[in-house]
Amino acid sequence: MHLSKCIFRRGSQSLVLQGMIHVGPKELYLKLQEDLDNHIKEGYGVFFEGVREYPMLRPKASVGEREIAELFRIIFDLYPVFAAVWGFQLQKKIIRYPWGAVNADISFGETVRLLEESGFRCGFIVRVFEALLKDRRYREKLKSDLAKENPLKGPRKKRLSYFFSWLFILRKLDPIIIDYRNKIAVNVIEKHSAGRYLQKIFVHYGEGHVPGMIKLLEDKGWRLVSLSRLDLATFRAKAGA
């Protein structure tokens with residue numbers, strides 16, 4: 001596993017795109033926070049990923065929208081489980097963005113609405129996972145499997161297959177969860193940087209978004225001049241491997 005750091009130039013402007021993950025070692029986030037703080041001192045404007053909690057579901061949300069919302073609440077509730085089992089931290093608990101930083105993302109309500117309009121259905125998945133997560137034996141088995149497959153402790157032969165084998169069902173989400181949000185992020189960045197209004201830009205966004213965002217930024221005239229990768233295995237010893 002790795003996190004990418006991309007540096008772009010467009011005329012006199014510079015842009016740094018740093019890949020992120022939601023759950024990781026505390027030492028990783030302290031390093032990323034230090035890097036963020038250094039760029040802030042250099043006058044960089046900060047943009048970040050994070051589906052905004054509000055607005056929530058519209059008053060007359062359909063059954064499909066409510067089921068999608070429940071699925072994501074289940075997923076979000078599992079992040080602390082991953083963190084506890086692996087001895088990691090949650091990004092949102094460690095990383096601190098400065099006052100004036102721009103959330104370059106969409107709202108939870110819009111996410112749910114767009115997924116429902118795309119035809120995504122998950123009622124069956126929700127019912128299955130609600131039932132499984134109420135079963136103490138399943139919860140213990142999940143924690144046991146996660147503990148064996150710590151992403152910083154050597155090769156991941158199963159790649160969390162026990163829990164994530166159902167993710168193929170969610171591939172229908174990619175056009176919204178990845179592609180659409182990439183476009184929103186780049187459009188927000190462009191809104192603030194058009195006309196050279198903002199000369200220095202620093203962006204924190206999920207690693208899975210980075211390849212698509214590179215292409216979109218290049219389409220806007222940004223030139224990729226540097227691409228480096230931070231190997232998360234370097235934090236293996238500090239993470240107790």
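Things to note:
- Region 72-110 - residue that is among the β-branched types (Val, Ile, Thr) and part of a helix (DSSP H, G or I) and, of those, nearest to Ile177 (Cα to Cα): Ile75
- Filtering region 1-40 to residues that are in contact (Cβ under 8 Å) with a residue 12 or more places away in the chain, outside any strand (DSSP E or B) and among the polar types (S, T, N, Q) leaves Ser12, Gln33.
- Test for Val112: is it touching a helix residue (DSSP H, G or I) at 6+ places or on another chain (Cβ under 9 Å), on the phi < 0 side of the Ramachandran plot and surrounded by fewer than 19 Cβ atoms within 10 Å (Cβ to Cβ): no
The rows are residues; the columns are (1) of a type in the set (Lys, Arg); (2) exposed (fewer than 14 other Cβ atoms within 10 Å of the Cβ); (3) part of a loop (DSSP other than H, G, I, E, B).
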site	(1), (2), (3)
Gly50	no, no, yes
Met56	no, yes, yes
Arg66	yes, no, no
Glu70	no, no, no
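- Taken together, Phe163, Phe120 contain a single residue that is surrounded by 14 or more Cβ atoms within 10 Å (Cβ to Cβ), out of contact with any His (no Cβ under 8 Å at 6 or more places or on another chain), assigned to a loop (DSSP other than H, G, I, E, B) and at pLDDT below 95, which is Phe120.
The values are calculated or read from the model by the stated rules, or taken from the named source; none is laboratory data. Every value quoted in this text rests on a predicted model; they were computed, and no experiment measured them. Don't worry about glycine lacking a Cβ; one is built from the backbone with ideal geometry, like all the others, and counts go over all protein chains shown.
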